[in-house]
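First the structure, in the form of structure tokens, and then the observations on it.
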Ligand SMILES: [Zn+2]
């Protein structure tokens, strides 16, 4: 089995690599990759948060575009090397814009609906605490995109998500205990109060 991320192996071999899956996770964008890292507990201690270093392209780009991200746990300091397959090379984003998470209608394959709702809450709280207006607007745009991702797990005529919207036992438990949090009407109402990226371009409103 060839090692597609050789330079990363070299760089991380002095650390304890806590998880190294052979198959990269399929992401829609680099923004989704970093949201995944933010919402994923440490594979070693079960806590976190994980913080990701800059993504590095892997050597083997035969199929798709694959990047490796070193993620370090803020609790136990373990280091994980994570690999992600992207649709193409990441696009540059200006400082006042939120990076696009997923322009397709396909729901995320890495983060489930409960994780998107948690990310929405985190980004909304961060926006509320941010004093810099530009940064606060970017966080609101990120929060809006997290809700958009959650809303992709519903069928048109159903107020509650389908079974395959949940990837983890913890998420299913949350749905069982608090189904009201997953009401599509509720999410649509929250979404209506948030900005839409395309209206926030400089000079565009
Ligand atoms: Zn840890």
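The values are calculated or read from the model by the stated rules, or taken from the named source; none is laboratory data. Bear in mind that the values here come from a model prediction, so they are computed numbers and not experimental data. So basically every Cβ, Gly included, is an ideal-geometry build from the backbone, and we count neighbours across all protein chains shown.
Go through the stretch 137-164 and count every residue that is under 16 Å from residue 111 (Cα atoms) and free of Cβ contacts under 8 Å to residues at least 24 places away in the same chain. Before you say what the answer is, go through the steps one by one.
Our first condition is that a residue be under 16 Å from residue 111 (Cα atoms); within the stretch 137-164, this holds for 142-154, 161-164.
Narrowing further to those that are free of Cβ contacts under 8 Å to residues at least 24 places away in the same chain: 162-164.
The number of residues fulfilling the criteria is 3.
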Problem - Subset of the stretch 10-43 [modelled with pLDDT under 90, within 16 Å of the ligand (Cβ to nearest atom) and more than 14 Å from the chain's Cα centre (by Cα)] - result: 12, 15, 16, 17, 18, 19, 20, 43
Handout entry: Any chance residue 121 is assigned by TED's automatic domain parsing to the domain that holds residue 167, out of contact with any strand residue (DSSP E or B) (no Cβ under 6 Å at 6 or more places or on another chain) and in contact (Cβ under 8 Å) with a residue 40 or more places away in the chain
Key = no
Handout entry: Tabulated pairs, the stretch 38-51, first under 15 Å from residue 168 (Cβ atoms) and in the same structural domain as residue 121 (by TED's automatic domain parsing), second near the ligand (Cβ under 8 Å from one of its atoms) and at pLDDT 90 or above, C-beta under 8 angstrom, 6+ apart or interchain
Key = none
Exercise for the section: Using the structure shown, decide if residue 82 is in the same structural domain as residue 41 (by TED's automatic domain parsing) and within 26 Å of residue 43 (Cα to Cα). Expected result: yes
Practice task
Return yes when residue 111 is within 16 Å of the ligand (Cβ to nearest atom), under 28 Å from residue 23 (Cβ atoms) and in contact with a helix residue (DSSP H, G or I) (Cβ under 6 Å, 6 or more places away or on another chain) and no when it is not.
Solution key: no
